[in-house]
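Trainee: One structure, as structure tokens, below. Some questions next.
The values are calculated or read from the model by the stated rules, or taken from the named source; none is laboratory data. Keep in mind that what you see is a predicted model, and the values were worked out from it rather than measured. Using ideal geometry, Cβ is built from the backbone for each residue, glycine included, and neighbour counts are taken over all protein chains shown.
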Amino acid sequence: MENKVSRWCLISMASIPLVMTLGNSMLIPVLPIFEKKVGISSFQSSTIITSYSLAAIFLIPVAGYLSDRFGRKIVILPSLILAFIGGVIAGFASWKMSDPFLWIIIGRVLQGMGAAGATPIILPLVGDLYKDDDEKTSSCLGLIETSNTFGKVLSPILGAAFAAFLWFLPFFSISFFSLISIILVFFFIKVPQGEKEEPKKLKEFLKNTKKIFKQDGKWLYPVFLLGIYAMLILFGVLFFLSDILEKVHDIDGVKKGFVLAIPLFFLCIASFITGKKIKGETKTMKRVILLSLAGISASVIFVGYVNKQLVLLLIVTSVLGIAIGAMLPTLDALITEGIEKEERGTITSFYSSSRFIGVAAGPPVMSLVMKELLNISYISAGIIGVLLILIVMKFIKGDNSNSASSNPAVTST
């Protein structure tokens, strides 16, 4: 019997990564404005992004466990409410306080806690809704990742536009978008009612998680590394672009938002097409990952060298965006389809947490290296990409046997 998922359910699920992406990426183009208004350094402004991501890193695995134990929707809704409250705190502090930096960070931590309990739960929820239909799962994950990347395209434009009106308005807008998502999730996401099982106790959960990583770690750890790498490169380059467009090319405000959106637009298109094409085929997924890594490695090394030539800079970063956009939904599908439903929330949460490590590290690392070690850092990123190609070739199978549950031989080597 086919499991029918309504269009509004899909829209509701897609709204969550969209809101959470806006919650982070929307602030990147306005960080230089925050530096001037709040009187903080480039490194301090980068912590406005990092504080959000650090909170998410540590709480995502907890949210994954809670979603497996008590249900996806029960975890998602309170998390979105936390994101709403965090935006209000950061916005109100910026509006009313003379020295709001600490309260901005507190608000951002609350938003990160909200992101921890909302975004990663979507991946296992998709798997629950489509059950054993890998093709529809891949397609829906492509839609979710496209929503995520569309948020990245929209966010610099919206962030710059809001900040041009009131510099702290982006914080309040995050709360507004969270409220819309809360309403959509509450009314339209209907979690399938299967046989009720006794929730796993913490001790049993830890034992099962350890067992999964022992069985499937050979391919799971590389996927986590790829998630960290992709987001580290993406957010490091976005932070660099935001800074260089203003200081070298004299582009700011809404115009800067549109320029920043160009490579993200290509990332969004690549993500959408890839989600439609991979169709649950592990061999195809591995090929896409390898080609994506080659594209990232070949393009990222040139970012520093072309930073004073705007057209070349946008071409290089757009190629980079295409490569990252193709890889992200592929990794989502590989994780979601390779793990059994009972542990899906836990493992996808670890994967989402690994992605947030890259998001957290990208801006501060870039703020530290872009003055004196810019080209060396980008060349190093390219070399790491080549090493990851070798790791993928060795440890990620291309024959639908990544999951140890489907092929016991995987654990014996």
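Trainee: Report, by residue number, each residue of region 100-114 that is more than 19 Å from the chain's Cα centre (by Cα), touching a residue at least 40 places away in the same chain (Cβ under 8 Å) and either surrounded by fewer than 22 Cβ atoms within 10 Å (Cβ to Cβ) or assigned to a helix (DSSP H, G or I) (or both). Quick ask: steps written out before the conclusion?
Mentor: Taking region 100-114 and keeping what is more than 19 Å from the chain's Cα centre (by Cα), we get 100-107.
Next cut, touching a residue at least 40 places away in the same chain (Cβ under 8 Å) only: 100-101, 104-105, 107.
Scanning region 100-114 gives 101, 104, 105, 107.
Trainee: Mind checking whether some residue in region 123-140 is within 18 Å of residue 48 (Cβ to Cβ), in contact (Cβ under 8 Å) with a residue 12 or more places away in the chain and more than 14 Å from the chain's Cα centre (by Cα)? Before you say what the answer is, go through the steps one by one.
Mentor: Of all residues in region 123-140, those within 18 Å of residue 48 (Cβ to Cβ) come to none.
So far as region 123-140 goes, no, none of its residues is within 18 Å of residue 48 (Cβ to Cβ), in contact (Cβ under 8 Å) with a residue 12 or more places away in the chain and more than 14 Å from the chain's Cα centre (by Cα).
Trainee: While we're looking at this one, here's another question. Checking residue 287 against (1) under 25 Å from residue 32 (Cα atoms); (2) modelled with pLDDT of 90 or more, which test does it fail?
Mentor: (1)
Trainee: Oh, and also: Among the residues of region 59-105, write down those that are touching a Lys or Arg at 6+ places or on another chain (Cβ under 7 Å), among the basic types (Lys, Arg) and either under 30 Å from residue 36 (Cβ atoms) or modelled with pLDDT of 85 or more (or both).
Mentor: none
Trainee: Right, here's the next one. Which ones in region 248-263 are at pLDDT 90 or above, assigned to a helix (DSSP H, G or I) and within 25 Å of residue 166 (Cα to Cα)?
Mentor: 255, 256, 257, 258, 259, 260, 261, 262
Trainee: If we scan region 302-315, do we find a residue that is surrounded by 20 or more Cβ atoms within 10 Å (Cβ to Cβ), of a type in the set (Gly, Ala, Ser) and touching a residue at least 12 places away in the same chain (Cβ under 8 Å)?
Mentor: Taking region 302-315 and keeping what is surrounded by 20 or more Cβ atoms within 10 Å (Cβ to Cβ), we get 302-304, 307, 313.
Checking which are of a type in the set (Gly, Ala, Ser) leaves us with 304.
Imposing the further condition that a residue be touching a residue at least 12 places away in the same chain (Cβ under 8 Å) reduces the set to 304.
Looking for residues that are surrounded by 20 or more Cβ atoms within 10 Å (Cβ to Cβ), of a type in the set (Gly, Ala, Ser) and touching a residue at least 12 places away in the same chain (Cβ under 8 Å), one finds at least one in region 302-315, hence yes.
Trainee: Just to be sure I understand the filter: pairs with C-beta atoms under 8 Å, separated by 6 or more residues or on different chains, first member in region 386-400 and under 18 Å from residue 230 (Cα atoms), second member modelled with pLDDT under 95 and assigned to a loop (DSSP other than H, G, I, E, B). Which pairs pass?
Mentor: 396/402
Trainee: Checking residue 304 against (1) farther than 30 Å from residue 75 by Cα; (2) in a helix (DSSP H, G or I); (3) among the small types (Gly, Ala, Ser), which test does it fail?
Mentor: Condition (2) is where residue 304 drops out.
Trainee: Moving on. For region 49-84, how many residues are out of contact with any helix residue (DSSP H, G or I) (no Cβ under 6 Å at 6 or more places or on another chain) and closer than 18 Å to residue 170 by Cα?
Mentor: 1
Trainee: Give me a count of the residues in region 212-257 that are in contact with a helix residue (DSSP H, G or I) (Cβ under 6 Å, 6 or more places away or on another chain), farther than 26 Å from residue 384 by Cβ and surrounded by fewer than 24 Cβ atoms within 10 Å (Cβ to Cβ).
Mentor: Counting residues in region 212-257 that are in contact with a helix residue (DSSP H, G or I) (Cβ under 6 Å, 6 or more places away or on another chain), farther than 26 Å from residue 384 by Cβ and surrounded by fewer than 24 Cβ atoms within 10 Å (Cβ to Cβ) gives 9.
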